[in-house]
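For reference, the structure is listed below as structure tokens.
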Amino acid sequence: MATKNRTLGKELLTSNATIYTTPPRFEASVDSIIVSNASSSNVSFSLDWYDSQTTTYYTIAEQVVMYPNSVLQLTDGFILHPNDTLRGLASVANVITVSVKVKEEYLTAS
């Protein structure tokens, strides 16, 4: 299997925005999610992932309040399958940044 390590970042808006989508023919191991609040006020955020096989959204974090200028790291990893999506939103636009470290592995034909 070919493996590719990636780190991606996204500033959240007040409506759901895609942070990462697993490419077709790949599985992705999400090793770390870092959420930071760059504002001087409390701001909340929510994260979920979409399972494309069952067409279901699963909550990772719901309306988590972040203190001003704070950072939160989620380190318990999980696996995303082809076309699965990680997305998020915040109570204030452009102050919450989500950084995701993933390891993508190419799925060979069986």
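None of the figures in this text is laboratory data; all of them are computed from the coordinates on show. Since we're looking at a predicted model, the values are computed, not measured. Counting neighbours? That spans all protein chains shown, and the Cβs are built from the backbone with ideal geometry, glycine included.
Observations on the structure shown:
- Our coupling estimate for the range 54-60, obtained by passing each phi through the Karplus curve with A = 6.51, B = -1.76, C = 1.60 and θ = phi - 60°, is 10, 6, 10, 8, 10, 6, 9 Hz, Gly and Pro reported as x.
- Lys, Arg +1 and Asp, Glu -1 on Cβ, resulting dipole of the chain about Cα centre, debye, nearest 20: 280 debye
- In Hz, Karplus ³J(HN,Hα) per residue of the range 75-90 (6.51, -1.76, 1.60; θ = phi - 60°; x = Gly, Pro): 10, 6, x, 8, 9, 10, 9, x, 6, 5, 10, 10, 9, x, 8, 9
- Shape category assigned to the range 1-47 from the gyration tensor of Cα positions, a/c cut at 1.5: prolate
- FRET efficiency estimate (nearest 0.05) - Cβ-Cβ, Leu13 to Glu105, R0 35 angstrom: 0.70
- Local electrostatic count at Thr3 - Lys and Arg +1, Asp and Glu -1, tallied over other residues with Cβ under 11 Å: 0
- Per the Cα gyration tensor, the chain maps to an equivalent ellipsoid with semi-axes of 27, 14, 10 Å, ordered largest to smallest.
- Database remark: amide H of Phe78 closer than 5 angstrom to the amide H of Val30 (H placed geometrically; neighbours at sequence offset of 5 or more, or on other chains; Pro and chain starts carry no H).
- As a proxy for reagent exposure, Tyr20, Tyr57 were ordered by neighbouring Cβ count within 10 angstrom, fewest first; the result is Tyr57, Tyr20.
- Note on Val92/Ser32: beta-carbon distance plugged into 1/(1 + (r/R0)^6) with R0 of 25 Å gives a FRET efficiency of 0.60.
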